[in-house]
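Structure first, then comments.
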């Protein structure tokens with residue numbers, strides 16, 4: 001779509017190449033001019049025809065609010081979060097918008113949900129999510145959330161499988177790197193070990209460089 005909009009001498013060839021790649025991956029073909037003929041904005045077209053891209057949802061929701069349609073903006077932000085489960089960037093964008101609209105309790109709740117996702121999915125400082133969640137003074141927010149999670153498991157009588165314990169450990173290792181601004185190579189050995197014990201052999205091999 002973007003190659004089509006860019007135009008130029010190589011546009012037709014680029015559109016043909018990417019369209020064929022999309023079909024090979026199980027998607028729909030794209031023909032030149034389809035976006036223009038649709039009458040949709042680029043973000044609308046991409047969301048309807050290609051996929052639920054987080055940045056498209058963020059721009060779409062911000063555009064609706066800027067035009068004065070707060071309800072449509074909030075719906076778009078919420079839909080972006082729902083269509084991208086596990087990605088903190090969508091929840092953080094939603095919380096940010098709620099905060100700007102002075103809906104602080106809702107912003108806090110959504111930011112708390114964001115903090116439950118991997119920190120590397122934020123695309124923003126963890127401190128921003130903590131501020132929106134009203135947890136700025138908490139030194140180790142992941143440890144706090146794990147404690148709450150453990151208490152919930154105990155209350156419900158849930159027996160956490162060893163594989164799940166190691167999966168959480170792997171996620172916590174990656175979160176720690178984000179928090180201290182470290183390098184992924186620092187944890188590769190420990191991360192591969194945790195993934196392996198979590199039963200995620202393929203992912204462990206990729207971390208070791210064998211995938």
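Considering only the range 38-69, state which residues are in a loop (DSSP other than H, G, I, E, B) and either surrounded by 14 or more Cβ atoms within 10 Å (Cβ to Cβ) or more than 15 Å from the chain's Cα centre (by Cα) (or both).
Across the range 38-69, the qualifying residues are 39, 40, 41, 50, 52, 53, 67, 68, 69.
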- prompt: Quick one: is residue 165 in contact with a helix residue (DSSP H, G or I) (Cβ under 9 Å, 6 or more places away or on another chain), more than 30 Å from residue 80 (Cβ to Cβ) and in a loop (DSSP other than H, G, I, E, B)?
  reply: no
- prompt: Quick check: anything in the range 135-148 at pLDDT 95 or above and part of a helix (DSSP H, G or I)?
  reply: no
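The values are calculated or read from the model by the stated rules, or taken from the named source; none is laboratory data. Remember, predicted model here, so these are calculated numbers, not experimental data. So basically every Cβ, Gly included, is an ideal-geometry build from the backbone, and we count neighbours across all protein chains shown.
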